[in-house]
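This report refers to the structure that appears directly beneath it.
The values are calculated or read from the model by the stated rules, or taken from the named source; none is laboratory data. Remember, predicted model here, so these are calculated numbers, not experimental data. Neighbour counts run over all protein chains shown; Cβ positions are idealised from the backbone, glycine included. Only protein heavy atoms, including side chains, enter the accessible area calculation; ligands, DNA and RNA are left aside. Shrake-Rupley method; radii C 1.70, N 1.55, O 1.52, S 1.80 Å.
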Amino acid sequence: MKRSVSSLVTVAALAASAAVVLSGCSSPGDTEAATTPTVTVTASPSSTSTPTATPGPDGASGGGGDLGDGATGAASSRCTVDELTAEIADGGGGAAGSYGVAIILTNGGQRSCTLQGWPGVSFVGDGNGTQIGASAALDRSTPHESHTLAPGGEVQTIVRLAQAANYPADECSPQATDGFRVYPPGSLESIFVPTSGTIFDACSNAAVQQMTVSALATF
């Protein structure tokens, strides 16, 4: 499926918003990595080398995400993590010290399946899937229609991030992360999406609400 220019990660878009490296081989603290944008990476839910989906400390938008009030539809028709792949792209600019990240879910299965609502999104780290900080708060102002994805079909959610450097260090307790853990709406299983670069540092203090996440939408 052809993506719109505004949804794709390009070197120019990343350079304009923040210096990011989305390469799994670079260290979040590497100066060169923080100033040399590269292409996005795709996370496969079947990979055995990615962190496991451990429970989050607050559950604000953890396992299962949220299907939306009054959501209907058979669970058997929902896309499962075995059918989905995930990648990240530029999600547009924001206020000073904040930025948007698009998490794109693609139906890599052999059947059509449905997704609706808000995914659960959190930072993970320590090389073992341990959640860092608060889960993303759900942006309830965004529509949450049901989407039927044919094989190869895509939807995205926009995660709005405030940089950890915006907060006092003693309040935030910043920590490097390995990437995002994403629960598709209605799922208790997750997909790991790796990231790198200091702009993906998380406030390990779960009292700091650093992220919001929109409902899934086409693009």
Of the conditions (1) out of contact with any Gly (no Cβ under 7 Å at 6 or more places or on another chain); (2) touching a residue at least 40 places away in the same chain (Cβ under 8 Å); (3) surrounded by 15 or more Cβ atoms within 10 Å (Cβ to Cβ), Ser146 clears all except one; give me its number. (1)
Out of curiosity, is Gly93 open to solvent by 10 Å² or more (accessible area, probe 1.4 Å) and either aliphatic (A, V, I, L, M) or in contact with a strand residue (DSSP E or B) (Cβ under 8 Å, 6 or more places away or on another chain) (or both)? yes
In region 151-167, what residues are in a strand (DSSP E or B) and touching a helix residue (DSSP H, G or I) at 6+ places or on another chain (Cβ under 8 Å)? Leu161
Just wondering, is there one or more residues in region 122-132 that are over 11 Å from Ser204 (Cβ atoms), touching a Lys or Arg at 6+ places or on another chain (Cβ under 9 Å) and open to solvent by 10 Å² or more (accessible area, probe 1.4 Å)? no
Checking Asn205 against (1) at pLDDT 95 or above; (2) touching a strand residue (DSSP E or B) at 6+ places or on another chain (Cβ under 8 Å), which single condition isn't satisfied? (2)
When region 162-172 is checked residue by residue, the ones that are surrounded by fewer than 17 Cβ atoms within 10 Å (Cβ to Cβ) and either closer than 12 Å to Gly133 by Cα or of a type in the set (Asp, Glu) (or both) are Asp170, Glu171
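For (1) open to solvent by 10 Å² or more (accessible area, probe 1.4 Å); (2) of a type in the set (Lys, Arg), each residue gets a yes or a no:
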position	(1), (2)
Arg160	yes, yes
Gly179	no, no
Ser187	yes, no
Phe192	yes, no
Met211	no, no
Do you know which residues across region 145-168 are more than 30 Å from Asn205 (Cα to Cα), touching a strand residue (DSSP E or B) at 6+ places or on another chain (Cβ under 6 Å) and among the small types (Gly, Ala, Ser)? Ser146, Gly153
Any idea which residue in region 133-143 is most open to solvent (accessible area, probe 1.4 Å), counting only those that are among the small types (Gly, Ala, Ser) and within 22 Å of Asp201 (Cα to Cα)? Ala137
Identify, from the list Val101, Val81, Val41, the residue that is over 16 Å from Leu149 (Cβ atoms) and modelled with pLDDT of 90 or more. Val101
Taking into account only those residues within region 133-150 that are part of a loop (DSSP other than H, G, I, E, B) and of a type in the set (Ser, Thr, Tyr), which is nearest to Arg111 (Cα to Cα)? Thr142
Looking only at region 191-219, which residues are in a loop (DSSP other than H, G, I, E, B), out of contact with any Ser or Thr (no Cβ under 9 Å at 6 or more places or on another chain) and within 30 Å of Ser77 (Cβ to Cβ)? Thr218
